[in-house]
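Undergrad: Take this structure first; my questions come after.
All of the numbers you see were taken from the coordinates with simple rules; none came from a lab. If you're wondering where the values come from, they're calculated on a predicted model, not measured in any experiment. For neighbour counting, all protein chains shown are included, and Cβ atoms are generated from backbone atoms with ideal geometry for every residue, glycine included.
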Amino acid sequence: MKDLSIFDIFKIGIGPSSSHTMGPWLAANAFRQDLNELKLSHLVSTIQVSLYGSLALTGKGHGTDIALMMGLSGFSIIETNRSDITNSINEINQTHKLALNNENTIIFNPSMNISWEFDNFLDYHSNAMSFSAIDSAGETLIQEYYYSTGGGFIDKGKIREQHDTFFIKGTGKELLDICIRKNINISDEILSREIVNFPQETIDTKISELWETMLSSIYRGISTTGFLPGGLNVKRRAPELNSKLLNGARYSNRAEWLNLIYTGEHSFDLTLQWISAIAIAVNEENADFGKVVTAPTNGAAGVVPAVLFYHLYLSSSPKSKEDIRRYFLVSGAIGILFKENATISAAMGGCQAEIGVSSAMAAAALTELHGGTPAQVMMAAEIAMEHHLGLTCDPIGGLVQIPCIERNSIGAIKAITASKLALASDPSDAKVSLDEVIDSMQKTAKAMHSDYKETSKGGLAITVGITEC
C-alpha cells in the first residue's frame with residue numbers, strides 16, 4: 001500500500017457514509033473490475049453479497065445495499081448524481097436484473113442476493129463484506145472479501161501486516177521536529193512531500209476541486225428544503241437558519257450569498273450560528289445522498305469546511321490566497337496521523353474516530369492560518385481530540401442524521417475553541433502530546449463496547465426506540 005497523501009484523506013464522494021456507502025460502492029466496483037480482468041464476467045449468472053457486523057446492522061440506514069448495486073453496475077461514485085441512483089435502483093428492484101457490463105446482464109434480486117449477517121463480525125474489521133460470483137450451474141467462480149475501513153478506504157482479502165506510514169516514524173513528534181529543525185510551517189513540509197507525487201499545479205487544482213465541492217455542498221444544503229430520507233422525517237434546518245441569519249436579505253446566486261455573509265455583522269452570537277448552519281448544511285446534504293468531501297469521513301464532512309468557511313468569511317484574521325492550500329495540507333496531515341496510528345472508522349472507534357478526528361484536523365489547520373507555530377498547531381489538534389475521547393457512535397435508525405448532523409456543528413465549534421486555546425498557550429507547558437492523545441484514542445476505541453461503535457445497539461439508538469428504517 002502506497003504512502004498516504006492528503007488526497008487519500010480528502011475524497012469526493014456520495015453520502016451518507018464513507019464507510020457504509022462509499023466503501024461498499026468502491027468494493028463492488030473493484031469486484032466487478034476483477035471479474036473483467038479475469039475474463040469471468042460473461043460466465044456470471046448472479047452475484048451473492050454478504051454484509052457482516054456494522055455493515056449489516058446499520059447498512060439499510062446508510063444505503064449500503066444501494067451502494068453495492070451502483071458499484072456492481074459500474075457507476076462512478078464521483079460522477080453519479082441522485083437521479084442516476086434513483087433510476088438505476090428502481091430498475092433493479094423492478095426487473096431483478098443488473099447490468100454487470102455491456103456483455104452480461106445478471107439476475108440480481110436485492111432481497112435474495114444481499115445477505116445481512118447481523119451477528120457475524122469478522123476479525124479484521126467490523127465493516128466486512130464478501131462477493132461471490134456464481135455461474136448458471138450454481139458453481140462459485142470466485143469469492144472475494146473486502147473491508148471498508150473508514151473514510152472511503154477499502155482493504156481486500158485477509159489481514160495483512162501494517163504498512164509503513166506517510167511520516168518517517170508515523171508520529172506527530174517526528175513531523176514537529178522536522179519543522180522546527182527546518183524552521184518551516186507544517187504546510188510547507190507537507191507540500192514538499194506531496195510534490196514528490198504531484199506537480200504543484202496539480203496539487204492546487206485538486207485542492208480547488210475539493211473546496212469547490214465543499215462550497216457546493218454548503219450552498220445546496222442552505223438552499224434545499226424538505227425532509228431527509230430514511231423514515232425518521234428529520235426536517236432540513238439549514239435553509240431556515242440561513243434565512244433567519246440573513247434577516248430577509250435577497251440574493252440570486254452563491255457569490256451574492258457569500259458576499260452578504262462576508263460584509264454582514266460578525267458578532268459572537270451570529271458567528272456561532274453561522275458556523276453551525278454551515279456544518280449542518282453539509283451534513284444534511286450528506287444524509288440525502290448528496291456529493292460531499294470525506295474530511296476524514298462523510299459522517300464528519302461538515303467540520304472541516306465549516307471551520308475554513310469561518311476563517312474566510314466570518315473571522316477578522318488576515319487572509320492570503322495561499323490559505324486554502326495551507327488549510328488542506330495541515331488538516332490532511334493530521335488526518336493521516338490518526339488514520340495510520342488509530343482509526344477514522346466509527347465502526348472500530350466510535351464517533352471519536354470521525355467527529356473527533358475532523359475537529360482535530362480543523363483545529364490544527366486553523367491554528368496555522370492564524371499565525372500559530374508548528375507546536376501550537378499540534379497542541380490545537382491534541383486539545384480538540386482530548387475533548388472528544390470516548391464519544392460513541394449510536395445513530396438512531398442506523399441513519400447518519402441523529403445525532404450525527406448536530407455533532408458536526410459542535411465539532412466545528414470545538415475546533416475553533418481548541419485553536420484559540422493553543423494560540424494563547426505555550427506548548428512547552430502542555431502535559432499531553434498529540435501522539436499521546438492518539439494512542440489514548442486507539443486504546444479507548446479497543447475498550448469501547450461494540451454497542452457504541454456504529455451498530456445502533458446502544459445509546460440514543462435504543463433509548464429513543466426507533467428500529468432501523
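Undergrad: With a ≥ b ≥ c taken as the square roots of the eigenvalues of the C-alpha gyration tensor of segment 11-66, please select rounded if a/c is under 1.5 and otherwise prolate if a/b is larger than b/c or oblate if it is not? Don't skip to the answer; put the middle values down first.
TA: On the way: a/c = 3.05, a/b = 1.69, b/c = 1.80.
It comes out oblate by the Cα gyration axes.
Undergrad: What are the principal axis extents of the Cα atoms in segment 1-130, in Å, biggest first?
TA: Cα spread of segment 1-130 along its principal axes, largest to smallest: 37, 33, 32 Å.
Undergrad: Beta carbons within 10 angstrom, averaged per residue: use that to sort the peptides 413-425, 242-254, highest first. Intermediate values should be presented prior to the final figure.
TA: Values: 413-425: 21.2, 242-254: 12.4.
Listed from highest to lowest mean packing, they are 413-425, 242-254.
Undergrad: Then there's this: Round to the nearest 0.05 the FRET efficiency obtained for LEU272 and SER316 when R0 = 25 Å and r is the Cβ-Cβ distance.
TA: Values: r = 15 Å, r/R0 = 0.60.
Given R0 = 25 Å and the Cβ-Cβ separation, E is 0.95.
Undergrad: Okay, which of segment 277-319 sit inside 12 Å, backbone N to the point 7 Å along the Cα-Cβ direction of TYR251?
TA: Zone members listed by number: 278, 313-314.
Undergrad: To continue, here is another question. In degrees, nearest 10, range 0 to 90: what is the angle between the Cα axis of helix 355-369 and the longest Cα principal axis of the chain?
TA: Tilt relative to the chain: about 40 degrees.
Undergrad: What list do you get for VAL292, VAL464, VAL303 if you sort them by fewest beta carbons within 10 Å? Can you show the working numbers first?
TA: On the way: VAL292 32, VAL464 12, VAL303 36.
Sorted ascending by nearby Cβ count, the order is VAL464, VAL292, VAL303.
Undergrad: Could you let me know the centre-to-centre spacing of segment 30-48 and segment 260-309, using Cα atoms, in angstrom?
TA: Between the Cα centre of segment 30-48 and that of segment 260-309, the gap is 41 Å.
Undergrad: A further question follows. Distance cut-off 32 Å, Cα to Cα: go down the list LYS156/LYS206; LYS173/LYS321; LYS39/LYS457; LYS339/LYS420 and report the pairs above it.
TA: Pairs exceeding 32 Å: LYS39/LYS457.
Undergrad: Here's something else I'd like to know. Using Cα pairs under 8 angstrom and six or more residues apart, how large is the relative contact order of the chain, in percent?
TA: Details: 932 pairs, mean separation 89.1, N = 469.
It comes to 19 percent, rounded to a whole number.
Undergrad: Within segment 90-110, find all residues whose amide N lies under 19 Å from a label point positioned 7 Å from the Cα of ASN36 along Cα-to-beta-carbon.
TA: Residues passing the 19 Å test: 98-107.
Undergrad: Take VAL464 and HIS96, extend 7 Å from each Cα along the Cα→Cβ direction, and tell me the distance between the two endpoints in nm.
TA: 3.5
Undergrad: Also: Within 10 Å of each residue's Cβ, count the other Cβ atoms and sort TYR219, TYR147 from fewest upward.
TA: Lowest to highest Cβ neighbour count: TYR219, TYR147.
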